[in-house]
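Contents: one structure, followed by commentary.
The values are calculated or read from the model by the stated rules, or taken from the named source; none is laboratory data. In this text the structure is predicted, and so the values were computed from the model without any measurement. Here the Cβ positions follow ideal geometry from the backbone for every residue, glycine too, while neighbour counts run over all protein chains shown. Heads up: the accessible areas ignore ligands, DNA and RNA and are worked out on the full protein's heavy atoms, side chains in. Shrake-Rupley method; radii C 1.70, N 1.55, O 1.52, S 1.80 Å.
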Amino acid sequence: MIPSNEHTAFYFIIISQLAFSISNVLWKKPIQIIGVESTIFIRNFFTASAFGIWFLLSQKSITCSYSDFLWCVLICVVSYLGLYFFNRSNEKGDITIIVPIISLNGMVSTLLAFTLLGENVSFQRAIAMILAFAGVIVISFDFTSFSIKKLKNSTWIGFALLAMLFWGISFSFFGFANKTLGVEFFSFLLEGIIFILAGIQIFVIKKQKIFSLIGISSAILWTLALAVCGIVGVYCSNIGFYLVSISSVEYLGTIGFTFPIVMGYFYYKERISFQKWIGVGLVIMGLVVGKLS
């Protein structure tokens, strides 16, 4: 039985943030070799298989209504759309612009949690969340070089916005799905449905063959790395969604945006802009204020 407390959730969320941060960088290479759908298909063959075996070994049973199960399936489909449009954007776009846009999905999830799911927080925790999310925005966006004129004709920006919205919507219901189906089975269902939908796009819609792609060893190695990050990231984030509220998961997850900056400064001796340090300070301030609430 997973203990339900924010302290435990925090460590799982940190691990998931690290895994997803790494995978965000890894996606671009294989999709340039074999395309978006094929990369997702191969990656999710490994992740779905791993979670399927994990669920069988756990010997846990599923007890939920038919309507709840269908609702969980719909959540998985919407999450797939987030992943698909993220990679359509990543295919030709600039990851340094895409990731800041994607980072806003946490605010979408939190807003939906408050408006649709009726989550309540104390005034002090609300202030903490505002500080932390403001820190994410300050860290993510380079306001000195951001140009609307430069981006207005870039279709990949639209794909990034769609990914942010679809992920924000689906993540807001991950708590329900994990509590309804259990972490192990929902992880399997999520990765399995993504695998099936990518396969439908390849074989049915585009009528492509995957077998010729298996020989491209470099793409397979990249997708294996993506699968490892996916298994760790999905499982740990789902534990977070199981343990605490949606808003708490997204709020605690803001700490992940500080890792690259702090590591770059202390390990690589990189010069960090004043803006980035302000962002890091806001995130940490938000977490401290929230811890005291």
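For this structure, a couple of remarks:
- In the set (1) at pLDDT 90 or above; (2) within 21 Å of SER16 (Cα to Cα); (3) surrounded by fewer than 22 Cβ atoms within 10 Å (Cβ to Cβ), PHE86 fails one condition alone, (3).
- Filter result for THR47 (polar (S, T, N, Q), open to solvent by less than 30 Å² (accessible area, probe 1.4 Å) and under 19 Å from VAL234 (Cβ atoms)): yes
- Number of the exception - VAL121 against (1) of a type in the set (Val, Ile, Thr); (2) open to solvent by 50 Å² or more (accessible area, probe 1.4 Å); (3) part of a helix (DSSP H, G or I): (3)
- Just one residue in the set ILE31, ILE53 is part of a helix (DSSP H, G or I), free of Cβ contacts under 8 Å to residues at least 60 places away in the same chain and aliphatic (A, V, I, L, M); that residue is ILE53.
- Given (1) in a helix (DSSP H, G or I); (2) of a type outside the set (S, T, N, Q); (3) in contact with a Leu (Cβ under 8 Å, 6 or more places away or on another chain); (4) open to solvent by 40 Å² or more (accessible area, probe 1.4 Å), index of the condition CYS64 fails: (1)
- When segment 175-185 is limited to residues that are more than 16 Å from THR47 (Cβ to Cβ) and of a type in the set (A, V, I, L, M, F, W, C), the one that is farthest from the chain's Cα centre (by Cα) turns out to be LEU181.
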